[in-house]
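The values are calculated or read from the model by the stated rules, or taken from the named source; none is laboratory data. Everything quoted here is computed from the prediction, not taken from an experiment. Positions of Cβ are backbone-derived with ideal geometry, glycine not excepted, and every protein chain shown enters the neighbour counts.
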């Protein structure tokens, strides 16, 4: 298994470096196209531009909940690690399982609790987002 680890790590590193450069190149191309398109349009034609590029226009900024999502995810992961630690300490102090199975069970306890509480945090952020969107629609 060690013979595949080094090429895999190098490949992943080069892939992400390539994607970063491609991201900046595409951003430059998009800015160039928007500038070129802006010179050719009259103020009357901006409604046509809004239908195609509505998210890029300043008046149509949508409310995003990225900070809420990331915060809920990190809170969930922290609670998952804490829960996993409690489970592992209980296992080690009470010696329910011995040997290799004990170490395997401890790693499963950490992983499962982090994934469970991280997913729970994302579900909570989804509920908050949908309630906020419903409140905005009700106020209109």
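When both residues are 6+ apart or on different chains and their Cβ atoms are under 7 Å apart, which pairs have a first residue that lies in region 87-103 and is at negative phi and assigned to a helix (DSSP H, G or I), and a second that is surrounded by 10 or more Cβ atoms within 10 Å (Cβ to Cβ) and modelled with pLDDT under 70?
91/97
Considering region 87-106 alone, what residues qualify as being out of contact with any helix residue (DSSP H, G or I) (no Cβ under 9 Å at 6 or more places or on another chain), at pLDDT 80 or above and surrounded by 11 or more Cβ atoms within 10 Å (Cβ to Cβ)?
89, 90
Per-residue answers, yes or no, for (1) over 30 Å from residue 131 (Cβ atoms); (2) modelled with pLDDT of 80 or more:
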{"residue": "9", "(1), (2)": "yes, yes"}
{"residue": "19", "(1), (2)": "yes, yes"}
{"residue": "33", "(1), (2)": "yes, no"}
{"residue": "74", "(1), (2)": "no, yes"}
{"residue": "80", "(1), (2)": "no, yes"}
{"residue": "83", "(1), (2)": "no, yes"}
